2 protein chains.
Amino acid sequence: MIDAWITQHRKGLLEYCVLTVLSRGESYGYEIVAALGRIAEFAVSESTVYPILARLRQEKFLKVRDEPSGQGPMRRYFSLTAIGKVRLAEMNHHLKKIELAISQLKSTPRKDPDNEHTH
Amino acid sequence: MIDAWITQHRKGLLEYCVLTVLSRGESYGYEIVAALGRIAEFAVSESTVYPILARLRQEKFLKVRDEPSGQGPMRRYFSLTAIGKVRLAEMNHHLKKIELAISQLKSTPRKDPDNEHTH
DNA sequence: TTGGCTACTCCGCGTTACAGAGTAGCATCG
DNA sequence: CGATGCTACTCTGTAACGCGGAGTAGCCAA
């Protein structure tokens, strides 16, 4: 199943996605679940998102602000902290490097070219 | 540690890398370890690569050909099978979709734009 | 009462990466 | 002779994550 691979490939990615969503402004769990759900590749359930949020918060990448919602329990708005932004930047940087590394991988002849004479 | 995240993000990726390396022609374990090692982002040890190779082979994505190396034990050349190529294509496709999805995520205003009138 | 909004939690499974070390064989260089 | 490099593995154990499924709970509107 390619699905199994996709699940594996998601590891870490969702964390990145949450941070990315939050980089455009604060949001709350329910909304984040919905936002990700709108993109098929990132559809997730609450039991995936809330732990991520909790983790991120515990690592001080997110801060929290409660606000009455008018309907139901308080909305808990999450937003990036300073180090959260740094983290996201690091991730973006890493992803760029990975992209580059992959294209390198694709274009590497066979071994390193120190014994090629193909001109 | 961003390193921890990087490790997580690698899940699945290494499998993809191995397949990609092999898409340029057959190779053997030792060489693959070296090839990946040349790219800092994908540096791995044998205890990571060999299990991947074994897994991939067991799933019929790779086939094997032994050849005396002249020095040491036989070289075990791995190469993509037909379904291995299909799998790699699927992965590539998925990765493209992910890339797209991420850029969507980045450019999504705040919620879905079904209440925007920007034309 | 049902259903949507809101926030969680707990249990448990499956998979992967990876470090570290070990086993083993052969060839070559010093 | 011994070290080093090439070659192929294996085993053990750890940590983290995604995720399904279900449960708890509170509140409002139709």
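Normalised by 2.2 N^0.38 Å, where N is the number of residues, the C-alpha radius of gyration of chain B stands at 1.41. Comparing B:Tyr30, B:Leu88, B:Val18 along the charge dipole axis of segment B:2-106, the residue lying farthest to the positive side is B:Leu88, per the Cβ-charge model.
Remark: label point of A:Lys11 defined 7 Å out from Cα along the Cα-Cβ vector; separations to the same position in other copies 0.4 nm, ascending.
In the protein assembly as shown, the convex hull through the Cα atoms has an average projected area of 17.4 nm², a quarter of its surface area. Here the sum of -39500 (n - 2.57) over DSSP H runs of 4 or more residues, divided by the residues of the protein assembly as shown, equals -18000 deg cm²/dmol at 222 nm, to the nearest 500. If only the Cβ of Lys and Arg carry +1 and only the Cβ of Asp and Glu carry -1, the dipole of segment B:2-106 around its Cα centre is close to 320 debye.
Per the rotation superposing chains A and B, the chain A residue found at the smallest beta carbon distance from the axis is A:Lys11, 2, distance in Å.
Just so you know, all these numbers are worked out from the coordinates, no wet-lab data involved. Predicted, not measured: the structure shown is a model, and the values here were computed from it. Here the Cβ is made from the backbone with ideal geometry for all residues, glycine too, and neighbour counts use every protein chain on show.
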